[in-house]
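A.B. asks: First, the structure itself, so that you have it in front of you.
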Amino acid sequence: MRCIKCGGETETVNTRIRNAEYVWRRKKCIECGAVFSSYELPDEVIQAMIEMLDIKKKEIMQIEKRLPPKKSIDADRNTKTEDDHF
């Protein structure tokens, strides 16, 4: 894994399995010394999250279809008013 600050190589300094649900790793950059954590999820959990997000996206799209069309901001800017003399 690359460092999130400088892009350098990292080493794992600590690893723990949390509730048999994910793996937590403490990483340290060899180049700049930055320390950060990473979380690794099983593929099944990631796939379930993707499916849930897809369902939510479809629900949002259905709601958006029922909403009135959005008015363009540019349309307001191009509308002349009585105060416009140019």
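The values are calculated or read from the model by the stated rules, or taken from the named source; none is laboratory data. Worth saying up front: this structure is predicted, and the values here are computed from it rather than measured.
A.B. asks: Would you be able to say whether some residue in the range 56-71 is modelled with pLDDT of 70 or more, acidic (Asp, Glu) and outside any loop (DSSP other than H, G, I, E, B)?
C.D. replies: yes
A.B. asks: Restricting attention to the range 31-52, report how many residues are in a loop (DSSP other than H, G, I, E, B) and within 15 Å of the chain's Cα centre (by Cα).
C.D. replies: Residues of the range 31-52 that are in a loop (DSSP other than H, G, I, E, B), as a first pass: 31-34, 41-42.
Pick out the ones that are also within 15 Å of the chain's Cα centre (by Cα) and you get none.
Final tally of qualifying residues: 0.
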